[in-house]
Amino acid sequence: MKNYIIILFLFLLSLTSVYSQQTRSNKLSKICIDPGHGGDKPGARGSRSLEKDINLAVGIKLGELIKEHLKDVEVIYTRKTDIDVALIKRSQIASKNKADLFISIHCNASPSRDAFGTETFAMGLTKSKENIEVAKKENADILSEANYQETYDGFDPNSPESSIFFSLYQNAYMEQSLSFADKIQKQFTSHTGLYNRGVKQAGFLVLFKTPMPAILTEIGFISNHREETYLISQKGQYEIAASIFRAICEYKIYKEGVKFIVPSIESLVPKSAIKADEELKQIEIEKQLLAQAKERERKNKEEERDSINSENTTNQKDLIYRVQFYTSPEKIDINHSKFKDFENIWTYQDKDLWKYTSGEFDDYSNALALQKDIKKKGYKDAFVVIFYNDSRITLDQARKIENQR
Ligand SMILES: [Zn+2]
């Protein structure tokens, strides 16, 4: 029974829409621009930007183009700054001001970073899961509005049955909305280089009670790196705004039966926008170069440090072969004439005796060769002694250490 009453109510509502259409003139003299989200409702998040900011930037640019080139058209905004406006308030602003056209600007997002392209929606029913997903995301802002169930007649964007809510939707402006949506998509295709995902329909709350031709355009995927770069660039924002503007011109010509020359895209995108992007790109490149140089410097320093460390290890000569040729109970100066025929004299104390060595080698064979020479000099008992970190070790121990390297 309750459902029946709702259906009857919606039916009556649709009749009032038809009535208001008949009383509306064919003029396009007031356009309501609705930059999606705002304030504490950022919409979709890109890696470098928020949807609400792009929507606003494009919306403002679109408004400026209309004011400059269509003097007989008045522009109103649902928001001109970074503020939160309830979805129902947005359609109320449009209907209170008796706008003739409602344009809601949004950016798409997808868990798949590969999703790309533009699409423009009119209010309507859909069975397409993809379209329902887009509407669900755009309707989700109401969840943080106080008393949203009351405000939106019990509508729950998370309920699988939520599309039934729109089932009796009859819009006298459906045809005009679709026609305008088609014009936008064609302009996007010609002037933005973004892929055309087409004209679609789904249940958007912001379009539901907007008693005028109304569309919601998704101007690209903020989740796609390449498209996000385009969406945050001045050139991209101007090209998108100019495309929508050209669609408005075509729609005005079609609706009013007037004739005028639609400004070219080149005349609508200011040269300063392209220059600003180039300057920004240069700054970006310089930043990258600086970061690369810093990284190189850091790596060089690291390598330098490593090589100093490895030099230190070789300098340490923790394993040293010497030839011991002389022993004395008293310490003798190594510069004594007794040692004048020996190189690299070194002495160490073992118990009560001072022992004298010659040579300093990294390997056993060189030490053996010196031992031979020293024996020839008459020191028949000369033999190789090995030190590891200044402690005497055996040949076996030295071999083990060498094998571990
Ligand atoms: Zn959005």
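The values are calculated or read from the model by the stated rules, or taken from the named source; none is laboratory data. What you are looking at is a predicted structure, and each value in this text was computed from that prediction instead of being measured. With ideal geometry, Cβ positions are generated from the backbone for all residues, glycine too; neighbour counts draw on all protein chains shown. These accessible areas exclude ligands, DNA and RNA; they are computed on the full protein's heavy atoms, side chains included. Shrake-Rupley method; radii C 1.70, N 1.55, O 1.52, S 1.80 Å.
Looking for something at pLDDT 95 or above, closer than 25 Å to Q237 by Cβ and assigned to a helix (DSSP H, G or I) - is there at least one such residue anywhere in the stretch 191-201? Within the stretch 191-201, one or more residues are at pLDDT 95 or above, closer than 25 Å to Q237 by Cβ and assigned to a helix (DSSP H, G or I).
So, of the residues in the stretch 26-71 that are among the polar types (S, T, N, Q) and touching a strand residue (DSSP E or B) at 6+ places or on another chain (Cβ under 9 Å), which turns out to be nearest to the ligand (Cβ to nearest atom)? In this case the residue turns out to be N55. Residues in the stretch 372-398 that are in a helix (DSSP H, G or I) and not small (G, A, S): 8 in all.
For the stretch 30-39, check the following and say yes or no: at least one residue is free of Cβ contacts under 8 Å to residues at least 40 places away in the same chain and at negative phi. Looking through the stretch 30-39, none of the residues is free of Cβ contacts under 8 Å to residues at least 40 places away in the same chain and at negative phi. Name the residue that is surrounded by the fewest Cβ atoms within 10 Å (Cβ to Cβ), counting only residues in the stretch 4-59 that are modelled with pLDDT under 85 and not in a helix (DSSP H, G or I). The residue in question is S25.
In the stretch 341-371, what count of residues is obtained for those that are assigned to a strand (DSSP E or B) and crowded, with 20+ Cβ neighbours inside 10 Å?
Count: 5.
Return yes or no: is P263 open to solvent by 20 Å² or more (accessible area, probe 1.4 Å) and at pLDDT below 95? No: the conditions fail for P263. Considering S144, S177, S162, S190, the condition of being of a type outside the set (K, R), open to solvent by 40 Å² or more (accessible area, probe 1.4 Å) and away from the ligand (no atom under 16 Å from the Cβ) is satisfied by S190 alone. Would you say T118 is within 16 Å of the ligand (Cβ to nearest atom) and not hydrophobic (A, V, I, L, M, F, W, C)? Yes: the conditions hold for T118.
Condition first: in the same structural domain as S91 (by TED's automatic domain parsing), under 27 Å from S128 (Cα atoms) and over 29 Å from the mean Cα position of the chain (by Cα). Can you find one or more residues in the stretch 237-260 that meet it? There is at least one residue in the stretch 237-260 that is in the same structural domain as S91 (by TED's automatic domain parsing), under 27 Å from S128 (Cα atoms) and over 29 Å from the mean Cα position of the chain (by Cα). Residues that are within 13 Å of the ligand (Cβ to nearest atom) and open to solvent by 10 Å² or more (accessible area, probe 1.4 Å) were ranked within the stretch 121-135; the one that is nearest to K252 (Cα to Cα) is V134.
Suppose the filter is modelled with pLDDT of 90 or more, among the acidic types (D, E) and either under 24 Å from the mean Cα position of the chain (by Cα) or assigned by TED's automatic domain parsing to the domain that holds S179 (or both); does D114 pass it?
no
T394 fulfils the conditions (1) at pLDDT below 85; (2) within 26 Å of K351 (Cβ to Cβ); (3) open to solvent by 50 Å² or more (accessible area, probe 1.4 Å) except for a single criterion, (1).
When the criteria are applied in full, N139 fails the requirement of being within 22 Å of I240 (Cα to Cα) and either open to solvent by 80 Å² or more (accessible area, probe 1.4 Å) or within 16 Å of the ligand (Cβ to nearest atom) (or both). Condition first: under 22 Å from F102 (Cβ atoms) and open to solvent by 30 Å² or more (accessible area, probe 1.4 Å). Can you find one or more residues in the stretch 245-252 that meet it? Yes, the stretch 245-252 has at least one match. Looking across the stretch 89-102 at every residue that is more than 16 Å from the ligand (Cβ to nearest atom) and either open to solvent by less than 50 Å² (accessible area, probe 1.4 Å) or outside the structural domain of V134 (by TED's automatic domain parsing) (or both), the one that is farthest from L143 (Cα to Cα) is identified as D100.
Can A99 be described as over 24 Å from the mean Cα position of the chain (by Cα) and modelled with pLDDT of 95 or more?
yes
Annotation note: of I105, I83, the sole residue that is touching a strand residue (DSSP E or B) at 6+ places or on another chain (Cβ under 6 Å) and exposed (fewer than 15 other Cβ atoms within 10 Å of the Cβ) is I83.
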